[in-house]
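First up is the structure itself, then whatever we jot down about it.
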Amino acid sequence: MIAVNNLSVRFTGTELFDDVTFNINDRDRIGLVGKNGAGKSTLLKILCRQQEPETGTMVITSGQTVGYLPQEMVPDSKGSVIEETMTAFEQIDAMERQQETVAAEVAEREDYDSPEYERLLNKLHELSEQIAMLGGNNRREMAEKVLLGLGFRHSDFDRLVAEFSGGWQMRVELAKLLLKSPDFLLLDEPTNHLDIESIQWLENYLSTYMGAVVLVSHDRTFLDNITKRTIEITAGKIYDYKVPYSEYVVQMQERRASQMASLTNQQRQVAQIEAFIERFRYKATKSKQVQSRIKMLERMEGIEVDEVSTENIHFRFPPAPHSGKIALEAAHLGKAYGDNQVFDNVDFLVTSGSRIAFVGRNGEGKSTLAKIIVGEITDYTGVFKLGHQVQIGYYAQNQAAMLDGEKTVFQTIDDAAVGDVRPKIRNILGSFLFDNDDIEKKVKVLSGGEKARLALAKLLLTPSNLLILDEPTNHLDMDSKDVLKNALLQYTGTLVVVSHDRDFLQGLTDVLFEFRDGAIHEFKGDVFEFLEYRKMEHLKDLETARKAENAERKMETVSQNKLNYQQSKERERELRKLRGNVERLEKEISELEEQIADKEELLAQGSAEIAGDANFYAEYQKLKDSLEERMSAWEEATIALEDFKN
């Protein structure tokens, strides 16, 4: 368990956290939410001891480990992808070295009956069991499984990490962290560098993760599919909801509505009391009632309403100028980088007003096609044509990074503005939350979210009838994403969006171009309909492979086809028994951990009711002893199951 008590942190004069207290239990699934700048990333850094609070304490149960993946980092690896990933097993490597040392010492001794010899044998057995429990015998297999899940191919394993982009290098860091299996996994925007397939794989992985998971993410679907608890950070306070994100939103709105209703009632009550006091203040016959109501006002505690920021970007895209019926057209289109043929022989026709999403694994050509459309890439094969009078507005994946860091916010827009737009620059910047102080800041000091907003503001300056948006939501919070989505829903031109954010795409586009295996596959429908379709296609592929495997097996030798039926049934019966034993123990362990967590929460709160309650502490110790006993039994049962299966 991680226990946070009376935590306070200030940042540039602002109270990020004020006397915050909460616990993270061993198998929690928590989403950290709040406005950009509320302190989510700061809290993760405190939990992994990269930053110290000004006041308060943070206690981690002895022996438990914490793993942290920041939003951005600069990996410095000189090795290949598989070599770097295998460094996650340093603990097992150290155990194996210790095992070799102990084994060598055992081989040299001849005092077979001595206590020291027995101690060495026990140590050797203990190390062997620990290595097996940590997966030491199939490290390479585990590493490859995680790398494949995160989008790497087998052919990538022996390539140097330094050859990959920053986003792919972050995937290697994520793979290492997952393989280390810390007791508490802290992830800050882990989906920023992942495509939809990798995000779905990560969802499945984290859903069955044995430790606790704490997430910061602006991906609603990702949060809903993983978390069961939501901690909101707002105005220096923590609100803890035992529900996933979407249910939290409903409860949060109900809480604030209740606060407002209570405040309104209190204000009405205060007004009535003050009116009574004013009316009868100078009447001797009412002096006792007046004094009583004055004291009532003094004792009345003011109801606090959470300070909620009402600032959101608000804008609409300019009306789309008229264009021809055809917006985009391609025939036998192909693009290669050296020997790497990204896609080839692609045909498509996009009519004006279409709303298209580009989806697929990273590296399959989504951004490449976007750059061909806007004219940044011209060395392609085949034919590509823009329609009549098509005017393009383009938001590149690295649009924020392309801004001139030495220019001010105002200069950035002023240099791009022409004609009637120039007098409206301050209004445009104001609609994107840049006030009079902000517009004189240099771009290089802005946060990632602020740069993204500035790049979007710049996009409004020139009317367009074809919008190409490449990962526009990467640095936007949920409210800003909603505003952008609503503006795009009202946009009257042709829209092409490259995105891995399923919630953002839902209802925004009605056609998907899936980039896969060097080709582009068109799908008419919503993103979730597409994902369901792809799941069914995957199952069909598995069924086809299974049938082929069965056909091959039928051609094997007669001896293999005549397996002893009774022997097979006996094995299945024993396997079910062993599995049932493991599952029963896991259920008992989970129940005991919940009971212990409940008592530890009472201890952390310092409840006066249990201060001198000997029975409470005796029961608490009994639960811990039972947990230790069940854990030991579970380890033995698991080893027995694995031995039987092998």
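The values are calculated or read from the model by the stated rules, or taken from the named source; none is laboratory data. This structure is a prediction, so every number in the text was calculated from the model and none was measured. Note: ideal-geometry Cβ built from the backbone for every residue, glycine included; neighbour counts use all protein chains shown. Heads up: the accessible areas ignore ligands, DNA and RNA and are worked out on the full protein's heavy atoms, side chains in. Shrake-Rupley method; radii C 1.70, N 1.55, O 1.52, S 1.80 Å.
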Open item on the list: Quick check for you: with a 1.4 Å probe and neighbouring chains kept, what is the accessible area per residue of the range 497-539, in Å²?
Closed with: 46 Å²
- [ ] When a/c is below 1.5 the answer is rounded, else prolate if a/b is larger than b/c, else oblate, so apply that to the range 222-370 with a ≥ b ≥ c taken from the square roots of the Cα gyration tensor eigenvalues.
- [x] prolate
Open item on the list: Keeping all protein chains in place and using 1.4 angstrom, which order do 432, 523 fall into by accessible surface area, from largest down?
Closed with: 523, 432
TODO: With a 1.4 Å probe and every protein chain left in place, work out the accessible area per residue of the range 209-283 in Å², rounded to a whole number.
DONE: 51 Å²
Open item on the list: Run the helix sum for the chain: -39,500 (n - 2.57) per DSSP H stretch of 4+ residues, divided by residue count, reported at 222 nm to the nearest 500 deg cm²/dmol.
Closed with: -15500 deg cm²/dmol
TODO: Give the long-range amide H neighbours of residue 213: residues separated by 5 or more places, or on another chain, with amide H under 5 Å away, using H modelled in the peptide plane at 1.01 Å from N.
DONE: 28, 29, 30, 185
- [ ] Calculate what fraction, in whole %, of the accessible area of the chain sits on carbon and sulfur atoms when a 1.4 Å probe is rolled over the protein chains.
- [x] 49 percent
Task: Residue-normalised accessible area of the range 121-208, expressed per residue, 1.4 Å probe, Å² - done: 42 Å²
Open item on the list: Under 5 Å between amide hydrogens, which residues at least 5 positions from residue 17 or on another chain qualify, with H placed 1.01 Å from N in the peptide plane?
Closed with: 9
Task: Partner lysines for residue 577 [C-alpha distance under 19 Å; skip if fewer than 8 residues away on the same chain] - done: 569, 587, 645
TODO: Name the residue farthest towards the positive end of the dipole of the chain from the options 487, 37, 1, assuming +1 on Cβ of Lys and Arg, -1 on Cβ of Asp and Glu, about the Cα centre.
DONE: 487
TODO: For residue 599, list the lysines whose Cα falls under 16 Å from its own Cα; do not include residues on the same chain fewer than 8 positions away.
DONE: 622, 624
Open item on the list: I'd like the Karplus ³J(HN,Hα) series for the range 22-27: coefficients 6.51, -1.76, 1.60, θ = phi - 60°, whole numbers in Hz, and an x wherever there's a Gly or Pro.
Closed with: 6, 10, 10, 8, 4, 10
Open item on the list: Show me, for the range 496-508, the HN-Hα J-couplings you get by feeding each phi into the Karplus relation (A = 6.51, B = -1.76, C = 1.60, θ = phi - 60°), rounded to Hz, glycine and proline as x.
Closed with: 10, 10, 9, 7, 10, 8, 5, 5, 5, 6, 4, x, 8
- [ ] May I ask which residue of 631, 533, 25 lies farthest towards the positive end of the charge dipole of the chain, with charges of +1 (Lys, Arg) and -1 (Asp, Glu) on Cβ and the Cα centre as origin?
- [x] 533
TODO: Stick to the Cα atoms of the chain, pair each with every other, and give me the Kirkwood hydrodynamic radius in Å at one decimal.
DONE: 29.7 Å
Task: For residue 500, solvent-accessible area (1.4 Å; no DNA, RNA or ligand), Å² - done: 20 Å²
- [ ] Select from 409, 398, 204 the residue farthest towards the positive end of the dipole of the chain; place +1 on Cβ of Lys and Arg, -1 on Cβ of Asp and Glu, and compute about the Cα centre.
- [x] 409
TODO: Taking H placed 1.01 Å from N in the peptide plane, check which residues at least 5 places from residue 498 or on another chain put their amide H under 5 Å from its amide H.
DONE: 358, 469, 470, 471
- [ ] Determine the sum of side-chain charges near residue 231: Lys and Arg each +1, Asp and Glu each -1, restricted to other residues whose C-beta is under 13 angstrom from that of residue 231.
- [x] +3
Task: For peptides 438-446, 107-115, sequence by mean Cβ density within 10 Å, most packed first - done: 438-446, 107-115
Task: Relative contact order (%) - the chain, alpha-carbon pairs under 8 angstrom, separation at least six - done: 13 percent
Task: Residues of type lysines that residue 283 reaches as a straight line, Cα spacing below 19 Å, ignoring anything fewer than 8 places off in the same chain - done: 295
